[in-house]
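Below is one structure, written out as structure tokens; the observations come after it.
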Amino acid sequence: MGGVADRFLPQGYESPVSVKERIMRIKKVKDIVAVEFFDDELDLIPPRDLKALLDDQGLKVSGINFNTHGRPKWQRGALTCPDEKLRREAIDGAKKIIDLLGVFECSTLGLWLGTDGFDYPFQIDYGRAWDLLLEAIAEIADHNPSVRISLEYKLKEPRQYILLGNAFQALYLIKAVGRKNVGVTVDFGHALMAKENPGEVVSVLAKENVLYNVHFNDAYREWDDDLVAGSTNLYETLEFLYYIKKSGYQGYVGFDIFPYRMDPVKALELCVMNTRALESLLSKIDLQSLEEAQKGGDAGLAHQVVRKVFFG
Ligand SMILES: [Mn+2]
């Protein structure tokens, strides 16, 4: 919502934008009911002041994410940091956000662990790293079992390999840790990047009751492009939304985008317009014919059913 930067223009594509101005920008977009943010926003504004600003605009908080990637002390890992003192600070930092969620009437802590991973062969002992990760997630989950811990996987970046790189590594962690309040944030672009089919992932995670949050965007697959949702890969996007709906998912669909060279309000408006238009296309699919085609595993028949919503 403003001041977006990348490594080629680290000072940002526009001057930094205040929290209040960013909230006002969000409010300009119809149908946006909630915001999700990283905890470092709270370095700029006290929690109660931020809550008041959001209340003034009628916006809820869908989740707060713990920023471990933007703090140099955790460059070699946060929950798996080899320095036990810094690792303890990371676990306690997550718990501190959990304790703050009540202020925002929010029950979801997002964990995207961008630095918990490795860059080179032989750099870390994978078994030890996974033990540390499992122990840390268990401790964070047990801190308040009524808070949902939503793990956002991503194949790479900033690390060359992130430990939680795909949906099934996340699902393995959830099964191994055995806590009822740990689930997954599926980011459409992260799924593409991991060579996953986003619709399949949503379907399986929902079946396991661990689909906690959805980040909707688009990408060309090689990278986490964070493009406007519904702008690039239409069939797979339509299928993604189909399985979100079919699974009975009751959570938020959030837009996680980086509109570097685009007006952020316009980009967010386009996300909403595309989502609404895709929902309307979904309602036009002949579900009975689709299910018949799927029973036989016939791609030709299935495609014939779905293509009609695009081509009539
Ligand atoms: Mn995301």
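Surrounded by 12 or more Cβ atoms within 10 Å (Cβ to Cβ) and assigned to a helix (DSSP H, G or I), is that true of Arg76? If you could, list the steps in order and put the result at the bottom.
Working: surrounded by 12 or more Cβ atoms within 10 Å (Cβ to Cβ): yes; assigned to a helix (DSSP H, G or I): no.
Criteria not met by Arg76.
Scanning the stretch 193-208 for residues that are hydrophobic (A, V, I, L, M, F, W, C), within 16 Å of the ligand (Cβ to nearest atom) and over 13 Å from the mean Cα position of the chain (by Cα) returns Met193, Ala194, Val201, Leu205. Any chance the stretch 42-62 includes a residue that's surrounded by 14 or more Cβ atoms within 10 Å (Cβ to Cβ), among the hydroxyl-bearing types (Ser, Thr, Tyr) and farther than 25 Å from Asn274 by Cα? No, the stretch 42-62 has no match at all.
Has the stretch 86-109 got any residue that is within 16 Å of the ligand (Cβ to nearest atom) and not β-branched (Val, Ile, Thr)? Checked the stretch 86-109: at least one residue is within 16 Å of the ligand (Cβ to nearest atom) and not β-branched (Val, Ile, Thr). Restrict the check to the stretch 273-283 and report whether at least one residue is within 16 Å of the ligand (Cβ to nearest atom), surrounded by 19 or more Cβ atoms within 10 Å (Cβ to Cβ) and under 27 Å from Leu155 (Cα atoms). Scanning the stretch 273-283, I find no residue that is within 16 Å of the ligand (Cβ to nearest atom), surrounded by 19 or more Cβ atoms within 10 Å (Cβ to Cβ) and under 27 Å from Leu155 (Cα atoms), so the answer is no.
Taken together, Phe168, Phe188 contain a single residue that is closer than 26 Å to Gln250 by Cβ and crowded, with 20+ Cβ neighbours inside 10 Å, which is Phe188. Picking from residues in the stretch 215-247 that are among the acidic types (Asp, Glu) and either more than 22 Å from Leu109 (Cβ to Cβ) or part of a helix (DSSP H, G or I) (or both), the one that is farthest from the ligand (Cβ to nearest atom) is Glu239.
In summary, Ile162 fulfils each of the numbered conditions (1) without any contact (Cβ under 8 Å) to a residue 60 or more places away in the chain; (2) within 16 Å of the ligand (Cβ to nearest atom); (3) surrounded by fewer than 20 Cβ atoms within 10 Å (Cβ to Cβ) with the single exception of condition (3). Here Gln250 passes the criteria (1) surrounded by fewer than 16 Cβ atoms within 10 Å (Cβ to Cβ); (2) part of a loop (DSSP other than H, G, I, E, B); (3) in contact (Cβ under 8 Å) with a residue 40 or more places away in the chain except the one numbered (3).
Taken together, the values in this text are just the output of simple stated rules run on the coordinates, not laboratory data. Small disclaimer: the values here were computed from a predicted structure and weren't measured. Cβ atoms come from the backbone with ideal geometry, glycine included; neighbour counts cover every protein chain shown.
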